[in-house]
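See structure below.
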Amino acid sequence: MLEDTGERVVPEKMKAADEMLMEHMARYFFAVEYVYGRVLDIASGTGYGTQLLAKKRKDIVEEVVGVDLEPKAVKYARGTYHHPNAIFMEGDVTDPDLPEKLGTFDCIVSFETIEHIADEERFLANIFALLKPGGTLILSTPFGKGRGKPCGSPFHVHQLTVDEFMELFPEYSSAVFYFQKGPLIEPAVRSNDRHFPLGIAVCRK
């Protein structure tokens, strides 16, 4: 039995009109247009997104590896969201040996993860090391009061401001930003940032 953390998305236990479910699914459908080759889904949770990427892009995705810190979530993913091109593993996104353990990837998906991580620098360094040259990172996070400041969620270390979020990717050759509200995802326009509670970055190494 999976414990309800208040943030975990379990689609088969949620109503279709649940806004959190729609929001999370929208990000994975957004990512479908970018993924190819070998794909890593960091903090894959119950595994629905990992399976979705593997199914929707089965012709150009070789493998989708879903990695999560919680053993019960990994066990649930293996039993509920099996796909021949999907693998679920336990792993810590701040483990310095993670790149050696997993190898490299053409694409990395990291949705609603960085706000949970105290060691932000190690997390970002691991992501960069795990991504092949020319590879694509799709990363999202909710906006808030900023790094090191308390936020409304007991599950988050903090929530970055829009500026802090957009400054996370100086090592990448390009970074394009989007804003999200519910299932709606639009190109980022700074004059509208107050109306969108989440950001998505698509970065090319």
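Calculated on C-alpha atoms, the gyration radius of the chain divided by its Kirkwood radius gives an Rg/Rh of 0.93.
Taking the Cα centre of region 15-204 as reference, the dipole from Cβ charges on Lys and Arg (+1) and Asp and Glu (-1) amounts to some 500 debye.
Only Cα pairs under 8 Å and at least 6 apart count here; give the relative contact order of the chain as a rounded whole percent.
Values: 409 pairs, mean separation 36.7, N = 205.
For the chain, the relative contact order is 18 percent.
Taking every alpha-carbon pair in region 100-167 and binning the separations at 5 Å intervals from zero gives 4, 17, 24, 24, 15, 10, 6, 1 percent. Here's how it looks for Leu40: its modeled amide H is under 5 Å from those of Val65, Cys107, Ile108, Val109, which are all 5 or more places away or on a different chain.
For region 30-168, the number of Lys pairs separated by eight or more positions or lying on different chains, with C-alpha atoms closer than 21 Å, is 5.
Laboratory data are not the source of any read-out in this text; all were calculated from the coordinates shown. What you see is a predicted model; the values in this text were computed from it and never measured. Cβ: placed from backbone, ideal geometry, glycine included. Neighbour counts: every protein chain shown.
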